[in-house]
Amino acid sequence: MLNVLPPKPVSMQTRDGVRLDADVYYPDADGEFPVLLMRQPYGRAIASTVVYAHPAWYAAQGYIVVIQDTRGRGTSEGEFSLFAHEIEDGEETVNWAAQLPHSTGMLGMYGFSYQGMTQLYAASAKPAALKAIAPAMVGYDLYHDWAYENGAFCYQQSLGWAIQLAAETARRKGDESTYKRLYAAARNLPLQDPVNVRSPLLEELAPDSFYHDWITHPTPDEYWQNLKPNLQDVDLPMLHVGGWFDIYLRGTMRLYREMEARSLFPQHLYVAPWAHLPWSRHVGAIDFGKAANNAIDRIQIHWFDHFLKDKDTGLLNDPPVHFLKCLAIAGAPFPTIRLPTPNPSISPPPDSPA
């Protein structure tokens, strides 16, 4: 492992003049390195360390790691509008990050949930520098995989997420009263029984929330088609990661099936008995054993080393589908998930902070 320099705050400007802020982690070593990029809306200091190793660990494996606040989130400028700018901003960010000092020009993306979707939107623009991605736990088709299931609105998860994002918007604007009300609601959701999916709280405090659009488009109409990432002409190596208890598993499986059916590049799928977060051997009171421990950090390095560093990692000799079944519920013994052959030069990540 390499030593890593302290993170460097760096900004870029989009074509429409919006400043996007990022932290860049460099190995403390001479030479050029590929870039790993994560674009996310929850404040870049978090860097999804609820499920992944810290960006410094990835940089220590010989990568320039860029963690960027998306438009209107964290300290980045602009107005946040759900997924509205992720294609153009993603493409511009890929092109910018690939040209950072000491970059080889080869770039991959990683991240889960919203951070997984930003990969798909960036990929839809087909930037030349983007060589491989690792989308995890994505609601690929936003109608079928995220907002609605078999025509039923996913009320609790959609309302909770909408309130969470609206609270952050209020915080950024310095509206302390609105922030406090939304923050409290996020911790104790104002669910109605009998169910009425309208949210008087969001109607009052966040009239521009995506939530209102979601409930007024209860069928997969043009609104939803315009939101879905268009990957029809996109072909990239993709490492797909899902959880048996993840609310977006159907999206992970839909994306994998679509890409596996037509891709000229490897498509690998890992599904373990994880919830949306955390990714661990425990789900509630159930312990799925050490075979269910999170090894995705090492798997991702294995993946990106193959496609960004042209290393012979033995990746193509591995089976493309890795399922860890939930047989422990019935008291049956665990099957073990087959992981790529360990590279002795890669140290396991330390425990990630929450």
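Kindly indicate the residue of segment 216-251 that is buried (at least 20 other Cβ atoms within 10 Å of the Cβ) and in contact with a strand residue (DSSP E or B) (Cβ under 7 Å, 6 or more places away or on another chain) and also modelled with the lowest pLDDT among those meeting that condition.
Ranking the candidates gives Gly243 first.
Pick from segment 229-287 the residues that are among the aliphatic types (A, V, I, L, M) and in a loop (DSSP other than H, G, I, E, B): which of them is farthest from Tyr140 (Cα to Cα)?
Ala285
Buried (at least 20 other Cβ atoms within 10 Å of the Cβ), closer than 21 Å to Gly108 by Cα and touching a Phe, Trp or Tyr at 6+ places or on another chain (Cβ under 6 Å): does that describe Leu255?
yes
Go through (1) closer than 29 Å to Trp244 by Cα; (2) in contact with a Pro (Cβ under 8 Å, 6 or more places away or on another chain); (3) of a type outside the set (A, V, I, L, M); (4) free of Cβ contacts under 8 Å to residues at least 60 places away in the same chain and name the single condition Gly151 misses.
Among (1) closer than 29 Å to Trp244 by Cα; (2) in contact with a Pro (Cβ under 8 Å, 6 or more places away or on another chain); (3) of a type outside the set (A, V, I, L, M); (4) free of Cβ contacts under 8 Å to residues at least 60 places away in the same chain, Gly151 violates only (4).
When you scan segment 77-96, do you find a residue that is touching a strand residue (DSSP E or B) at 6+ places or on another chain (Cβ under 6 Å) and in a loop (DSSP other than H, G, I, E, B), even just one?
The answer is yes, given that some residue of segment 77-96 is touching a strand residue (DSSP E or B) at 6+ places or on another chain (Cβ under 6 Å) and in a loop (DSSP other than H, G, I, E, B).
Looking at segment 157-177, can you tell me whether even one residue there is surrounded by 16 or more Cβ atoms within 10 Å (Cβ to Cβ), of a type in the set (D, E, K, R), under 23 Å from the mean Cα position of the chain (by Cα) and under 17 Å from Gly251 (Cα atoms)?
No, the conditions are met nowhere in segment 157-177.
Of Val35, Val10, Val24, which residue is farther than 20 Å from Ala134 by Cα, assigned to a strand (DSSP E or B) and in contact (Cβ under 8 Å) with a residue 40 or more places away in the chain?
Val10 is the lone residue from the list that is farther than 20 Å from Ala134 by Cα, assigned to a strand (DSSP E or B) and in contact (Cβ under 8 Å) with a residue 40 or more places away in the chain.
Restricting segment 87-117 to residues that are in contact (Cβ under 8 Å) with a residue 60 or more places away in the chain, more than 29 Å from Asp28 (Cβ to Cβ) and among the charged types (D, E, K, R), which is surrounded by the fewest Cβ atoms within 10 Å (Cβ to Cβ)?
Step by step, filter segment 87-117, then rank; the result is Glu88.
Let's see how each residue does on (1) of a type in the set (A, V, I, L, M, F, W, C); (2) closer than 24 Å to Leu316 by Cα; (3) over 24 Å from the mean Cα position of the chain (by Cα):
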position	(1), (2), (3)
Arg181	no, no, yes
Asp193	no, no, yes
Leu202	yes, no, yes
Ser209	no, no, no
Leu236	yes, yes, no
Arg250	no, no, no
Pro266	no, yes, no
Leu269	yes, yes, no
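For Pro194, all conditions in the list (1) modelled with pLDDT of 95 or more; (2) more than 30 Å from Ser263 (Cα to Cα) hold save one; what is the number of the exception?
With respect to (1) modelled with pLDDT of 95 or more; (2) more than 30 Å from Ser263 (Cα to Cα), Pro194 is out only on (1).
The values are calculated or read from the model by the stated rules, or taken from the named source; none is laboratory data. Source: prediction; values computed, not measured. So basically every Cβ, Gly included, is an ideal-geometry build from the backbone, and we count neighbours across all protein chains shown.
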